[in-house]
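Let me begin by presenting the structure, written as structure tokens, before commenting on it.
Derivation of every value follows stated rules applied to the coordinates shown; laboratory data play no part. Quantities reported herein were computed from a predicted structural model and do not represent experimental measurements. Cβ coordinates were reconstructed from backbone atoms using ideal geometry, including for glycine residues, and neighbour counts include every protein chain displayed.
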Amino acid sequence: MRKSFVFVLVFVFVLGAVGFSFADDSEMLKANEKKVWSKALKAVPAERQLSIEQFKALYDKVVAGKEKAYLIDTRTHPEFYAFHIPYTDHIHSGHMYTIPKKVKDKNAKIVVWCRTKKRQAYVSEKLVEYGYTNVWTVKEGIVGWIKAGHAVCNEFAGLFKVTEYHKHFTEMDKKTGKPMYQIREFHPY
């Protein structure tokens, strides 16, 4: 009798555990991501979130040597190699942990951006947590830079302007109407 009771108890526990493993946690995950995103957005005060015009003015000063700042593109390697803002640095957002090895002054002006704003918010939040006191972001990212008509470059084409920007140039699945490739991350290792 005791063995049967233990067996039933274990069986019920296993069934419950299996049931929980198949539970749909997507709503909980979405809600938590919104909380994390909201926190990341608050890491850099509004007065340090640059418009494209403000960033262009700062960029011109930095390139001319009239102001010192680290201008860091946080997009992926393929995005950066495709095109980037001339004379700027690149640290993939997944490698943000390397920034303290490169930027040793906690008061250095650090300006980060990505394609639009998501990765730069997460990177800037971490930089503030690391102890940097002068972190800035570019509100509209490189998409805003391109839409404003500013030049970009790459090692193959040199300096150029993008005349038309589309979010996706991906082959679409004819049956579903969705992009055929959902994740396309290049990793050099």
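Other residues lying with their Cβ under 14 Å from the Cβ of TYR132 contribute a combined charge of +4, Lys and Arg counting +1, Asp and Glu -1.
Over 32 Å apart at the Cα level, from the set LYS34/LYS66; LYS39/LYS102; LYS34/LYS68; LYS34/LYS61; LYS30/LYS178; LYS30/LYS56, are LYS34/LYS66; LYS34/LYS68; LYS34/LYS61; LYS30/LYS56. Along its three principal directions, the equivalent ellipsoid of segment 40-160 from the Cα gyration tensor extends over semi-axes of 21, 15, 14 Å, largest first. Taking 0.36 nm per residue of separation and subtracting the current Cα-Cα distance, fully stretching the chain between LYS39 and LEU159 would add 39.5 nm. What is the distance in Å between the Cα centroid of segment 135-149 and that of segment 56-80? Centre-to-centre (Cα) distance: 11 Å. As a calculated quantity, the FRET efficiency between THR98 and LYS175 at R0 = 41 Å, using C-beta atoms, amounts to about 0.45. Neighbours of TRP113, meaning other residues whose beta-carbon lies under 13 angstrom from its beta-carbon, give a summed charge of +4 when Lys and Arg score +1 and Asp and Glu score -1.
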